[in-house]
Amino acid sequence: MTATLRWQLLALTVFVGIVLWLLAPVLTPFAIAAMFAYLFDPLVGRLQRLRLSRGTAVTVVSVALLVLLVLVLLWLIPYLERQFKILLQHLPDWIAWLQNDAAGWMKARFGLELEMPDAQQLSAIFQEHWKEAGGTAATVLATVGKSGFALVSRVVHLVVVPVAFFYLLRDWDAMIAHIHDLLPRSVEPTVARLARESDETLSGFVRGQLSVMIVLGVFYAIALLAIGLDVGPLIGVIAGLISFVPYLGGILGVLMAVIAALVAYHDWLHVILALVVFGVGHVLEAYVLVPRLVGEKIGLHPLAVIFAILAFGELFGFLGVLLALPIASVANVLLRYAHARYRASDLYVASHTPALVMPEAPPPNPQ
């Protein structure tokens, strides 16, 4: 590869990055649609092997997902709204426990004074805002309805996602082939190989991690409800959804479950049961779900995962959070390639060439 071609590729990469940064709000629904299209492309491929055309297979998958989404929302939204109501009812009790019991224990043992908000005032604020909002859906509508443009923008985003998903999924193979044809012939073999490795990494992560999140969320929700925590399903869903951030889902879930158990039962039995639930969940995730569903393909250190989410979220907002780990996994493939190239370069080989040994000075002639 000539120096001119390298500079051209670098300029193209910088240009694409600037365009993504400027158009991040507009690209968000397309990024969501592309992620779902990538996720369900293998399913469409299986339907095609059953003698269905590409268009028919995409239609079947899209209709099935739409029906499933409607059924889930009809049950999930009312259920989550009831869970949020229960959470708002118990939150002042949690604050009161932290203020009266936990703060006193911290002061007696460590001499630390924790300033907590007044529980009664907090309860009144929550109840007032909840009644004014009229529920979760009304709160969202009230926030969006403050601006007609914001309302139109969000409606357009909601409409764009399924439409873009359908067309991206239908034309996925054709788009990949077209991009392949546009590659410069000098770099096509290398780019094609890196693309295959990236696809293996992404497929292992996106599909596998999504399955891990769903299984953990369902497990935590059922287990916490079984030990008697009425807000257990909400805690479980939250812990499962953020389990893609290493340790964050488990730590946040444990804290919420322990506080809920102490406030509700004032004993150590339910605290131990809550810890057992998350202990079993951690073992299930580490030794069963991740090895079977995700594997070692992504190869990212937990700190790298956290940094990627924070960095891309800061640069590109919600779009950056969505694309942080997929981009980081692809970057990991590129870094492995760069590391291999460096190990084979003259710079590395020369730096490991044994230095010339200076001959020892001859002993002085005796006088």
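Remark: the ARG46-LEU88 segment gains 10.5 nm on full extension, using 0.36 nm per residue and subtracting the alpha carbon distance. The heavy atoms of GLU188 offer some 40 square angstrom of accessible surface to a 1.4 angstrom probe.
Extension gain for ALA177-VAL288 works out to 36.3 nm (0.36 nm per residue, less the C-alpha to C-alpha distance). Segment 19-71 and segment 156-229 have Cα centres lying 10 Å from one another. Taking only the C-alpha atoms of segment 210-292, the Rg (one decimal) and the largest Cα-Cα distance, Dmax (whole number), read 11.8, 39 Å. Relative contact order for segment 165-318 using alpha-carbon pairs under 8 Å, separation at least 6, rounded to a whole percent? Once normalised by length, the contact order is 23 percent. Once the chain from VAL156 to TRP75 is taken as fully extended at 0.36 nm per residue, the excess over their C-alpha distance is 26.7 nm.
The distance between label points at HIS301 and TYR342 comes to 1.3 nm (points 7 Å beyond Cα on the Cα→Cβ vector). Taken along the Cα-to-beta-carbon direction at a fixed 7 Å, the label points for THR190 and VAL16 span 1.5 nm.
The values are calculated or read from the model by the stated rules, or taken from the named source; none is laboratory data. Bear in mind the structure is a predicted one, so any value in this text is a computation, not a measurement. As a convention, Cβ positions derive from the backbone with ideal geometry for all residues, glycine included, and neighbour counts pool all protein chains shown. Note: areas computed on protein heavy atoms with side chains; ligands, DNA, RNA excluded. Shrake-Rupley method; radii C 1.70, N 1.55, O 1.52, S 1.80 Å.
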